[in-house]
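Heads up, the thing below is written out as structure tokens.
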Amino acid sequence: MMEPGLSPAFAYQKPAAHRERLVPILTHLPDGVIPIPPPQLNPAPRKEPPPFFMGRPVHPSYHYKRNRRYAGDESVPYPLPCDQQEVNRQNLVHHIFHEVFGTIHAAEFPKVEDIPAKVLDVGCGSGLWIASMADEFAARGRMDVHFTGMDIVRNCPDMTGVNFRFVKHNMLNLPLPFAAGEFDYIMVREMTLTYPQDRNSEALLDEYLRILKVGGTLELQCSDHTIRCLSPSSIPPSSRSGAYPMTASTRFNLKSENSYIQDYNRYISYFLSTKQLHPAPCTSVQSTLLMEATRLGNIKNRRYALPLDNPHWEGKPMSTITGSLENRSLTSLTPLAEPRRSTESSKSAPQIPTTATVTTMDADTRRIDSEPKDRKNSTMEMFVSNDAKALRILARQTFTSLVRNLEPVLRQSNKIPQEDWDWWFRDLMINFHQNRGLNGGECIELGAWWGVKKS
């Protein structure tokens with residue numbers, strides 16, 4: 001079954017465990033069997049049914065903003081809604097990670113006996129990752145794997161044929177509700193918006209290691225929340241995904257020339273500073289894991305930069321690409337200057353306070369993927385496949401969906417009037433999707449880190 005709206009290159013079949021549990025929302029009956037009640041002169045007052053979401057009654061602790069559903073726990077800084085629209089975006093992010101990394105998990109289980117028996121997915125969301133893992137392990141002959149999904153709200157169905165249980169828990173409340181050494185494999189993906197920097201992050205990592213068996217694997221996957229601009233690189237992108245592997249030689253421009261990216265970086269950076277959340281978590285995960293080197297060994301990582309459009313240097317001779325690399329420098333994520341307005345709109349960009357906290361991150365220059373020993377001939381040109389271009393379109397659409405879903409918190413924190421936001425977002429969509437405004441190397445940065453618990 002193909003997902004609507006996707007390019008054929010990314011029209012994935014839904015995992016069997018996920019597909020079998022889809023709950024029909026509408027029941028279609030022939031017109032002849034629909035009962036038509038006689039008219040009533042004095043009809044009784046209609047009792048409104050309770051609201052439903054994904055087939056389940058809405059819990060009274062939920063609250064709504066502009067018809068979007070959010071978790072009602074005020075202690076959680078997570079800014080995104082928990083409705084079907086956001087679940088759909090998260091499922092597309094799952095496919096993007098899959099295409100970029102070539103797998104749904106970066107940790108390696110080469111032999112059947114290496115496959116973990118008990119798996120925990122922290123922040124399981126729709127459960128798509130668990131369903132995909134269950135299909136993969138079953139295809140390799142392991143039907144006995146037990147999966148546990150933990151989240152603050154339940155957006156995942158019961159999965160027939162999968163040994164699955166859901167645990168509702170706020171990860172800010174430690175200890176986690178699991179026994180010591182209970183799991184062989186723990187996956188933590190895209191949870192950097194849930195844990196503020198002023199909390200003890202070492203305590204949370206200690207909890208992960210407490211519930212992980214000796215010899216078990218801990219894997220973290222995340223993406224940065226701000227957008228950087230990739231400089232021309234002599235290392236070609238992946239032929240599969242069009243993503244550029246990040247190595248010690250990967251460099252970024254000081255800032256994007258796109259004014260809407262500049263605006264977004266200011267808005268999201270200021271909001272994250274008010275919630276004590278890291279704007280570029282990919283730069284700090286490696287050092288956090290290395291602090292636990294006495295208990296976590298064989299630490300590995302992979303990082304990629306996936307352009308949101310086809311950069312202008314692709315398709316040009318390599319000699320013209322590499323000529324200006326010597327003068328490039330790695331960028332630090334500092335507040336950006338007032339943006340140059342583009343011509344998409346006569347409206348000016350909504351302004352924000354200038355008191356945002358400045359957080360400077362050192363670029364993570366650790367070697368991730370080995371750089372090719374044999375450089376390509378300087379006369380060769382750099383091209384990407386149609387599948388890779390389609391993935392970039394999907395990433396761009398997913399990014400604009402993220403901006404749309406962040407609207408309430410970005411407007412509130414930056415004091416942006418609704419009308420100004422509507423004009424700005426409309427012109428952003430025109431610039432990104434019609435005017436090719438993201439051909440300067442603007443990219444999303446993805447990373448995966450994993451290690452094995454020592455005895």
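The values are calculated or read from the model by the stated rules, or taken from the named source; none is laboratory data. For clarity, every value in this text was computed on a predicted model and none was experimentally measured. Using ideal geometry, Cβ is built from the backbone for each residue, glycine included, and neighbour counts are taken over all protein chains shown.
Odds and ends about this structure:
- For beta carbons closer than 8 Å, sequence separation of 6+ or different chains, a first residue in region 429-455 that is hydroxyl-bearing (Ser, Thr, Tyr) and a second that is surrounded by fewer than 23 Cβ atoms within 10 Å (Cβ to Cβ) and modelled with pLDDT of 95 or more, the qualifying pairs are Ser455/Val214; Ser455/Gly215.
- Of note, Ile227 satisfies the criterion of being buried (at least 20 other Cβ atoms within 10 Å of the Cβ) and of a type in the set (Val, Ile, Thr).
- Every pair of residues 6+ apart whose Cβ atoms lie under 8 Å, when the first sits in region 122-143 and is among the acidic types (Asp, Glu) while the second is crowded, with 23+ Cβ neighbours inside 10 Å: Asp135/Ala17
- The residues of region 126-161 that are in a helix (DSSP H, G or I) and charged (D, E, K, R), listed by number, are Asp135, Glu136.
- When residues of region 290-326 are limited to those that are surrounded by fewer than 19 Cβ atoms within 10 Å (Cβ to Cβ) and of a type in the set (A, V, I, L, M), the one modelled with the highest pLDDT: Ile299
- Residue within region 127-137 that is modelled with pLDDT of 95 or more, of a type in the set (Phe, Trp, Tyr), surrounded by 22 or more Cβ atoms within 10 Å (Cβ to Cβ) and within 24 Å of Arg302 (Cβ to Cβ) present: yes
- Residues within region 415-447 that are surrounded by 21 or more Cβ atoms within 10 Å (Cβ to Cβ), outside any loop (DSSP other than H, G, I, E, B) and not aromatic (Phe, Trp, Tyr), tallied: 8
- Filtering Ser249, Ser287 for residues that are on the phi < 0 side of the Ramachandran plot, surrounded by fewer than 19 Cβ atoms within 10 Å (Cβ to Cβ), modelled with pLDDT under 95 and not in a helix (DSSP H, G or I) leaves a single hit, Ser249.
- Among the conditions (1) outside any helix (DSSP H, G or I); (2) at pLDDT 90 or above; (3) surrounded by 20 or more Cβ atoms within 10 Å (Cβ to Cβ), Ala349 misses just one, which is (2).
- Matching entry among Pro232, Pro196 (being touching a residue at least 12 places away in the same chain (Cβ under 8 Å) and surrounded by 17 or more Cβ atoms within 10 Å (Cβ to Cβ)): Pro232
- Extreme residue, surrounded by the most Cβ atoms within 10 Å (Cβ to Cβ), among residues of region 162-179 that are in a loop (DSSP other than H, G, I, E, B), in contact with a strand residue (DSSP E or B) (Cβ under 9 Å, 6 or more places away or on another chain) and not aromatic (Phe, Trp, Tyr): Val162
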